[in-house]
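Novice: I have a structure I would like to understand better, so I am pasting it below and will then ask my questions one at a time.
The values are calculated or read from the model by the stated rules, or taken from the named source; none is laboratory data. For clarity, every value in this text was computed on a predicted model and none was experimentally measured. Virtual Cβ from ideal backbone geometry, glycine too; neighbours counted across all protein chains shown. Side chains included, ligands, DNA and RNA excluded: accessible areas come from the protein's heavy atoms. Shrake-Rupley method; radii C 1.70, N 1.55, O 1.52, S 1.80 Å.
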Amino acid sequence: MVLSGCSEQVQRGFLPGTRETTNQSAQITDLWVNSWIAALIVGLAAWGMMLWCMVAYRRRKHDKGYPRQMAYNVPMETLFTVVPVIMVLTLWGFTDRVQREIDTPVEDSPLTVEVYGKQWAWDFNYSYEGEEKHYQGVQAQLDGTEGVEETLPTLYLPVDVPVEFELKSRDVIHSFWVPAFLRKLDMVPGKSNFMYLTPTEEGTFQGKCAELCGEYHSEMLFNVEVVSEQEFTSQLSQMEDGHVGDEYNRNPNEHPDGAQNQEVPLQGDGTTREDAGGPTGGEDSTLEGEN
């Protein structure tokens, strides 16, 4: 059991990815692991003192009545107040320092990815060195068929290039989460949230929505492909020009019948969900919301 703690997975606190997945992975991992080490030390000390009190002050065989009662103990009560306050302030200090560092905007980022969450898929707008491209995803169809993962919306990122993510929602609250990146941020209708990081390891990573957003929340998945800059530009060249903006947004709360019967344009020609033949028809795949 002791030797198992020497494994790389345990040393990283069972977190996904590696310390080199992004430029922030090492900082976040160290904060996570060291917080657990501190919590373990406090837990062992508390358990040890409780066990010691149970043994040292147990009722003896020939004891009668109650032990002498004390109304207060100033040194003990001061200790139990000051130590927790110091611990909380210390943990807050380390957390605040890491959060400030990873949330610092990247002023010279050559790539901005505007991510729209929608029920129940993703849209990606790319702005890269003056070029604008977009990708509109459709909802995953998880029917148990092999190869479905390959059909998920795919977000392409160049390795070692700073990225600014602008996170938005087209309908309800979603959450942009790539577990291997150790970052997660909500996508709130009518508001833009920002995330900054640099992918430093090529590979395929899984992404998902981490906020319960309706009936098919579990199928709101996407892939992240971190590739060389040359391959990234090649993938951009295959995407459609321009950006898809707020024209596809909807607010289910503003329709008298809810979102179920709301007609939402799926394509630039004004084709609606009903015209496309059902909730999964059309490029935008903006599906029915909850009543």
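Novice: Output the number of residues of the stretch 165-180 satisfying the condition of being part of a strand (DSSP E or B) and hydrophobic (A, V, I, L, M, F, W, C).
Specialist: Final tally of qualifying residues: 5.
For every residue, the table says whether it meets (1) within 40 Å of the chain's Cα centre (by Cα); (2) open to solvent by less than 100 Å² (accessible area, probe 1.4 Å); (3) among the hydroxyl-bearing types (Ser, Thr, Tyr).
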| position | (1), (2), (3) |
| --- | --- |
| 39 | yes, yes, no |
| 43 | yes, yes, no |
| 58 | no, no, no |
| 72 | no, no, yes |
| 79 | yes, yes, no |
| 85 | yes, yes, no |
| 92 | yes, no, no |
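Novice: Separate question: Could you list, in sequence order, all residues of the stretch 1-15 that are of a type in the set (D, E, K, R) and exposed (fewer than 11 other Cβ atoms within 10 Å of the Cβ)?
Specialist: Correct list: 8 only.
Novice: Also: Among (1) open to solvent by less than 20 Å² (accessible area, probe 1.4 Å); (2) touching an Asp or Glu at 6+ places or on another chain (Cβ under 9 Å); (3) at pLDDT 90 or above; (4) not polar (S, T, N, Q), where does residue 171 come up short?
Specialist: With (1) open to solvent by less than 20 Å² (accessible area, probe 1.4 Å); (2) touching an Asp or Glu at 6+ places or on another chain (Cβ under 9 Å); (3) at pLDDT 90 or above; (4) not polar (S, T, N, Q) applied to residue 171, the lone miss is (2).
Novice: Pairs please, first residue from the stretch 34-61 and under 24 Å from residue 11 (Cβ atoms) and in contact (Cβ under 8 Å) with a residue 12 or more places away in the chain, second anywhere and charged (D, E, K, R) and in a helix (DSSP H, G or I), Cβ atoms under 7 Å, 6+ apart in sequence or on different chains.
Specialist: Here the result reads none, with nothing in the stretch 34-61 linked to a residue that is charged (D, E, K, R) and in a helix (DSSP H, G or I).
Novice: Within the stretch 103-127, how many residues are open to solvent by less than 10 Å² (accessible area, probe 1.4 Å), within 19 Å of residue 157 (Cβ to Cβ) and of a type outside the set (A, V, I, L, M, F, W, C)?
Specialist: 5
Novice: Is it true that residue 226 is part of a loop (DSSP other than H, G, I, E, B) and either in contact (Cβ under 8 Å) with a residue 24 or more places away in the chain or farther than 14 Å from residue 124 by Cα (or both)?
Specialist: No, not satisfied.
Novice: Tell me which residues, restricted to the stretch 150-175, are of a type in the set (D, E, K, R) and within 19 Å of residue 24 (Cα to Cα).
Specialist: If the condition is that a residue be of a type in the set (D, E, K, R) and within 19 Å of residue 24 (Cα to Cα), then 160, 164, 166 are the ones that fit.
Novice: Against the conditions (1) over 25 Å from residue 237 (Cβ atoms); (2) free of Cβ contacts under 8 Å to residues at least 12 places away in the same chain, where does residue 140 fall short? Just the number, please.
Specialist: So residue 140 meets the others, but not (2).
Novice: A further question on this structure: I need the full set of residues from the stretch 148-168 which are within 19 Å of the chain's Cα centre (by Cα), open to solvent by 10 Å² or more (accessible area, probe 1.4 Å) and more than 15 Å from residue 209 (Cα to Cα), in order please.
Specialist: 156, 162, 164, 166
Novice: Sort through 43, 13, 48 and tell me the only one that's of a type in the set (Gly, Ala, Ser) and farther than 27 Å from residue 97 by Cα.
Specialist: Of the residues listed, the single one that is of a type in the set (Gly, Ala, Ser) and farther than 27 Å from residue 97 by Cα is 48.
Novice: State whether one or more residues within the stretch 137-147 are in a helix (DSSP H, G or I), farther than 18 Å from residue 22 by Cβ and open to solvent by 10 Å² or more (accessible area, probe 1.4 Å).
Specialist: no
Novice: Separate question: Anything in the stretch 16-28 that is more than 10 Å from residue 181 (Cα to Cα) and open to solvent by less than 40 Å² (accessible area, probe 1.4 Å)? List them, or say none.
Specialist: Across the stretch 16-28, the qualifying residue is only 26.
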